[in-house]
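Have a look at the structure below before the remarks.
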Amino acid sequence: MSRRQARGEEHDNANCKGTKRYHRQPRHAAINEISETLKQLLADVFTLYLKTKGFHWHITGRHFRDYHLLLDEQAEQIFGMTDDIAERARKIGGYTLRSIGDITRHQRIKDAEDGSLLPRQMLSELRDDNARLAGFLCSAHEVCARHNDVATTSLIEGWIDQTERRNWFLTEIVSDI
């Protein structure tokens, strides 16, 4: 063991691709692929946030209070992801979204345009969107893992768990409406 390793400045991380040294900063091609992946992910998260918040504002019916509070909680959790996604892209040396137009160009989740949806339709749409987001998160995880970006894969694992939980709650509610 070198003196640098003893001081914790350099290490071989057995959990990061065998005994290869973990590179904290991905290479240029990796930075581009990871930051583009995160940019799409961020656009989807912003879209899902606004859709969830919009349904929170417009939900009606006898379970209004429960749905209103649930969607507010979920929207807050979704919005909480945004800064971490954007800052992660910047930390590795990449770029992130800069405008609403940028979000529109990168989003894969559709906007909520229909103002006449019933609560069941709203909740079903959010359930489906959360399932799609979970898939996008898994794909992003694969990209980051391929480039040995352990920090980003770790963040994504937490977001996958949160997204699956939101999907579970929505699935249970929709099945009972």
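The values are calculated or read from the model by the stated rules, or taken from the named source; none is laboratory data. Quick caveat, the model's predicted, so the values are computed rather than measured. Positions of Cβ are backbone-derived with ideal geometry, glycine not excepted, and every protein chain shown enters the neighbour counts.
Below is a table of values for the structure above.
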{"quantity": "Per-region count, segment 77-109, residues surrounded by fewer than 12 Cβ atoms within 10 Å (Cβ to Cβ) and closer than 20 Å to Trp57 by Cβ", "calculated": "1"}
{"quantity": "One residue from Lys110, Lys51 being closer than 30 Å to Asp176 by Cα and either of a type in the set (Ser, Thr, Tyr) or part of a loop (DSSP other than H, G, I, E, B) (or both)", "calculated": "Lys110"}
{"quantity": "Members of segment 156-166 found to be surrounded by fewer than 20 Cβ atoms within 10 Å (Cβ to Cβ) and in contact (Cβ under 8 Å) with a residue 12 or more places away in the chain, listed by number", "calculated": "Glu157, Ile160, Gln162, Glu164"}
{"quantity": "The lone exception for Leu123 - which of (1) surrounded by fewer than 18 Cβ atoms within 10 Å (Cβ to Cβ); (2) touching a Leu at 6+ places or on another chain (Cβ under 7 Å) it fails", "calculated": "(1)"}
{"quantity": "Criterion: acidic (Asp, Glu) and closer than 17 Å to Leu50 by Cα - qualifying residue of Glu157, Glu172, Glu113", "calculated": "Glu113"}
{"quantity": "Identity of the residue in segment 83-107, more than 17 Å from the chain's Cα centre (by Cα), without any contact (Cβ under 8 Å) to a residue 60 or more places away in the chain and part of a loop (DSSP other than H, G, I, E, B), that ends up farthest from Ile156 (Cα to Cα)", "calculated": "Ser99"}
{"quantity": "So Leu117, is it at pLDDT below 95, at negative phi and either outside any helix (DSSP H, G or I) or crowded, with 17+ Cβ neighbours inside 10 Å (or both)", "calculated": "yes"}
{"quantity": "Residues satisfying the stated conditions in segment 28-77, i.e. under 25 Å from Arg90 (Cβ atoms) and of a type in the set (A, V, I, L, M)", "calculated": "Ala29, Ala30, Ile31, Ile34, Leu38, Leu41, Leu42, Ala43, Val45, Leu48, Leu50, Ala75"}
{"quantity": "Meets criteria (assigned to a loop (DSSP other than H, G, I, E, B), out of contact with any strand residue (DSSP E or B) (no Cβ under 8 Å at 6 or more places or on another chain), at pLDDT 95 or above and of a type outside the set (A, V, I, L, M)) for Gly80", "calculated": "no"}
{"quantity": "Every residue from segment 127-161 that is closer than 18 Å to Thr37 by Cβ, part of a helix (DSSP H, G or I) and either in contact with a strand residue (DSSP E or B) (Cβ under 6 Å, 6 or more places away or on another chain) or not hydrophobic (A, V, I, L, M, F, W, C) (or both)", "calculated": "Arg132, Gly135, Ser139, His141, Glu142, Arg146, Thr152, Thr153, Ser154, Glu157, Gly158"}
{"quantity": "Some residue of segment 37-47 being closer than 18 Å to Glu164 by Cα, of a type in the set (Asp, Glu) and touching a residue at least 12 places away in the same chain (Cβ under 8 Å)", "calculated": "yes"}
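Results for (1) among the acidic types (Asp, Glu); (2) over 13 Å from the mean Cα position of the chain (by Cα), shown as yes or no for each residue.
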site	(1), (2)
Asn130	no, no
Glu142	yes, yes
His147	no, yes
Ser154	no, no
Asp161	yes, no
Asp176	yes, yes
